[in-house]
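The values are calculated or read from the model by the stated rules, or taken from the named source; none is laboratory data. Owing to the predicted nature of the structure, the values given are computational and were not obtained by experimental measurement. Note that we place each Cβ from the backbone using ideal geometry, even for glycine, and neighbour counts take in every protein chain shown.
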Amino acid sequence: MAEHRSGAASATRERSAFRQAVEVTVEIKARPETLWDRLTDAAGFPSWNSTVQSIDGPIAPGRRLAIRVPAAPGRTFRPTVVAFDPPSRMTWREGSLPMFRGIRTFTVERIDGGDSRFTMREELSGVMLPLIGRSLPDFVPVFNRYVDDLRAACEG
């Protein structure tokens with residue numbers, strides 16, 4: 001799916017009639033705990049991540065968030081944190097099948113020298129996807145920007 005690159009991030013996309021996924025992986029010169037601290041600080045998110053306007057609610061197991069993003073003006077996403085394994089994995093889910101469901105998974109791996117490999121994957125699926133798919137933003141540039149912002153925040 002996504003390339004593991006230490007340079008610029010390069011998100012990839014998969015599509016079918018009732019499913020689409022976007023994934024990006026990047027190496028970051030920071031410890032996994034540093035990435036995890038950024039990824040779970042809801043109040044601080046907009047200070048380092050240009051793809052997020054705000055996150056309301058604690059990023060914690062079982063909690064529902066309210067997320068606003070520039071790519072979807074006027075819309076609030078309300079995922080629930082369904083998996084939380086510090087500092088290596090977290091999953092947010094919104095909606096339910098068969099209609100429409102979005103699942104975003106964040107993975108942080110320790111690599112050589114204590115640095116990190118970060119992967120973010122979003123899977124959208126359901127019978128409503130063909131109807132709303134054209135109204136969705138292009139997630140590839142958003143994901144690339146997200147990881148570029150995360151790298152800058154963690155390495156800076």
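Details
- No other residue among Asp85, Asp112 is more than 29 Å from Ala17 (Cβ to Cβ) and within 16 Å of the chain's Cα centre (by Cα) apart from Asp85.
- Filtering segment 81-114 to residues that are charged (D, E, K, R) and either out of contact with any helix residue (DSSP H, G or I) (no Cβ under 9 Å at 6 or more places or on another chain) or at pLDDT below 95 (or both) leaves Asp85, Arg89, Arg93, Glu94, Arg101, Arg104, Asp112.
- When restricted to residues that are outside any loop (DSSP other than H, G, I, E, B), polar (S, T, N, Q) and surrounded by 14 or more Cβ atoms within 10 Å (Cβ to Cβ), segment 74-98 contains 2.
- Inside segment 61-73, residues that are in contact with a Gly (Cβ under 8 Å, 6 or more places away or on another chain) and either of a type outside the set (A, V, I, L, M) or part of a loop (DSSP other than H, G, I, E, B) (or both) make up a count of 3.
- Of all residues in segment 105-120, those that are among the small types (Gly, Ala, Ser) and without any contact (Cβ under 8 Å) to a residue 60 or more places away in the chain total 1.
- Test: residue in segment 57-66 that is surrounded by fewer than 20 Cβ atoms within 10 Å (Cβ to Cβ) and over 21 Å from Arg93 (Cα atoms): no
- In segment 124-139, the residue that is surrounded by the fewest Cβ atoms within 10 Å (Cβ to Cβ) out of those that are modelled with pLDDT under 95 and under 25 Å from Pro46 (Cβ atoms) is Ser135.
- Taken together, Arg121, Arg145 contain a single residue that is under 15 Å from the mean Cα position of the chain (by Cα), surrounded by fewer than 19 Cβ atoms within 10 Å (Cβ to Cβ), modelled with pLDDT of 95 or more and under 22 Å from Ala30 (Cβ atoms), which is Arg145.
- Inter-residue pairs, beta-carbon under 9 Å, first closer than 20 Å to Pro141 by Cβ and in segment 35-51, second of a type in the set (Ser, Thr, Tyr) and crowded, with 19+ Cβ neighbours inside 10 Å, 6+ apart: Asn49/Tyr146; Ser50/Tyr146; Thr51/Tyr146
- When Pro86 is tested against (1) under 15 Å from Ala153 (Cβ atoms); (2) in contact (Cβ under 8 Å) with a residue 12 or more places away in the chain; (3) out of contact with any Lys or Arg (no Cβ under 8 Å at 6 or more places or on another chain), exactly one condition is not met: (1).
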